[in-house]
1. Count, for each residue of A:75-85, the Cβ atoms from other chains sitting within 10 Å of its Cβ, then give me the mean as a whole number.
2. Would you be so kind as to identify which of B:Leu247, B:Ser155, B:Trp297 lies farthest towards the positive end of the dipole of chain B, taking Lys and Arg as +1 and Asp and Glu as -1 on Cβ and the Cα centre as origin?
3. With the convex hull built on the Cα atoms of the range B:415-472, state its orientation-averaged projected area in nm².
4. Where does each of A:Phe45, B:Phe322, B:Phe217 land when they are ranked from fewest to most other beta-carbon atoms within 10 angstrom?
5. Output ³J(HN,Hα) for the range A:28-33: one whole-Hz value per residue in order, computed from phi by the Karplus curve 6.51 cos²θ - 1.76 cosθ + 1.60 with θ = phi - 60°, and x for Gly and Pro.
6. Two-decimal Rg/Rh of the range B:294-407 from alpha-carbon positions, Kirkwood Rh?
7. Cα atoms only, the range B:324-473: Rg and Dmax in Å?
8. Only Lys, Arg, Asp and Glu count, each charged at its Cβ (+1, +1, -1, -1), so figure out the dipole size of the range B:5-284 about its Cα centre, rounded to 20 debye.
Amino acid sequence: MKHEETKGRRISLEEVNRIAELARLSPSEDEREQLAAKMSSVIDFVEQLNELDTTSIEPLHHVLDLHSVLRDDVVRPSLPVSEVMKNAPQKKGDYFIVPRVIKGAET
Amino acid sequence: MSDYAVTIGLEVHAQLLTNTKMFCGCKASYGAAHNSLTCPVCMGLPGALPMPNRRAIEMAVKVGLATGSTITRATKFDRKNYFYPDLPKGYQISQFDKPICAGGSMEIRGLFGVKRVGITRIHLEEDAGKSQHGDDDGTLIDLNRCGVPLIEIVSEPDMSSPEEAYAYLMEIRRLVRWLEVCDGNLEEGSLRCDANISVAPEGERGVPVEIKNLNSFHGVEKAIRYEIERQSEVVRNGGKISRMTLLWDSDKGETRVMRTKEAAHDYRYFPEPDLVELSISDQMMAEAHEASPEYPWVRRERYVGIGVKPDDADVLTAEKEFGEYFEEVFAGCNNEAPRAVRWVIGEALRWRKELGGGERFVVSAYATAEVAGLEASGKISGLAAKTVYEEMARTGRSDPAMIVKEKGLEQVSDTGALEAVITKIIEDNPKEVERYRGGDMKLKGFFVGQVMKAMGGKADPKATGEILGRLLG
Ligand SMILES: [Zn+2]
């Protein structure tokens, strides 16, 4: 596929809107246009990898030559609640408080 | 209940009974002060690195082996991305395309017969925290549960009635308890169930609707029944079932819409870059085999093989502990299955229910076997044995022989003493003796009754019968 043909069209505005929604971001109209173009060029760049023949290559999930680094099931001290709460913009007793979530309205 | 083809699949989450969380050393327990069991890893603070809990992996492998699943020897973790305040990282570490177990099955039984339900996959993941709604200031968040290990057991859509779904869930519960990987408490959320249900005219493909929040066994059955009715009604009226997620409201006994297809999730799974691949070693496989107990269905067959009736074998394998108890009593009963079954089901389990809150045996298996032995040898009557048993259950005593002595419950099998009593009875009842000798054999019962009366119920029935037979001739 030729670069010029697809430029700016790999990612549509609708896709940008959808991604923004999922990421809880609200870019302006201008920014959406820019994002569509930029994200498309990123995809174009990565697309070059498709020129390689990878038919006989196993997918690699991690670049480190390590596997199965596990931990024994032994309790380690947690943080003191006072420390934990230092991160809380709002708290009530030992609870964090977040803007009200309607029960079950998971999004 | 429905004229249409009903298809049900269940997704069951089971909280694993590990000491610590899935990816950090925080204690995995309940009832601690809010947010006191948290650390940079489970709160998702930047830079914190997760490390998987070996025990949780072993537990998942055990469940995989028990369900005949294939263990994925080269497995990995993935990120499932979504925003919710009880998930501070903004993603849950789960497994996407390489679940630790795949392709198993479970046999379920009920009035519908025997059926095998496929298990698509079992994967490991971390739990979210707890949100408490309804406070005036906002939603309250406690992250103690955040990061606790879960397995999600996903069934094939092989069930076709609420009864089957109920039986399947009970079977999962029995298994995870049996393997000691989860306490199986649905009400407290250590076992959670979502159902996918579709209803369609025979031969057509239905659209699955998901129901969440099924937090009791009967709730599962009721919610599924309700949903089948609702979808059947839509289909009957020529309508179309739309894909959506419903919440079961157990107070109102109805489902309500949680989200529709338009708002469908896109979890954007990708390999968890903070974790390396996980390979299940031969050693780990061998250890999981080693640590696996005799499975309930294997034990059931073994019990039937030693002369336990199938229904009784079901009762004795409802909990692993019952079988262990039964086997001790069985050994103490000279391996007489019917006697051991009678004592365990008729007495031990009955008193467990009545006085042990259904959670503990109130008389030890050893003491139960001892009473059964006293009865078997003829030292005490069956009635006396029950009296002794009740005394033990109510007082916590475990010395049946002493109770027999104290209450004077020994049977008299001393032939000399019995003969004297019987001789006297024969002298006192000449008319009955005459009729008996004349052929009215029914009167044997009258004489036994007289002997029992004279002996305060403690005459050994076998010896009594023999002496009566001899003296009445
Ligand atoms: Zn932690």
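1. So the per-residue partner count for this stretch is 6.
2. The residue sitting farthest along the positive end of the dipole is B:Trp297.
3. 3.4
4. Exposure proxy ranking, most exposed first: A:Phe45, B:Phe217, B:Phe322.
5. In residue order, the calculated couplings are 6, 4, 4, 4, 5, 4 Hz.
6. Expressed as Rg/Rh, it is 0.97.
7. Both quantities, over Cα of the range B:324-473: 18.7, 58 Å.
8. Charge dipole of the range B:5-284: 440 debye, to the nearest 20.
All of the numbers you see were taken from the coordinates with simple rules; none came from a lab. Computed from a predicted model, the values in this text were never measured in an experiment. Cβ coordinates were reconstructed from backbone atoms using ideal geometry, including for glycine residues, and neighbour counts include every protein chain displayed.
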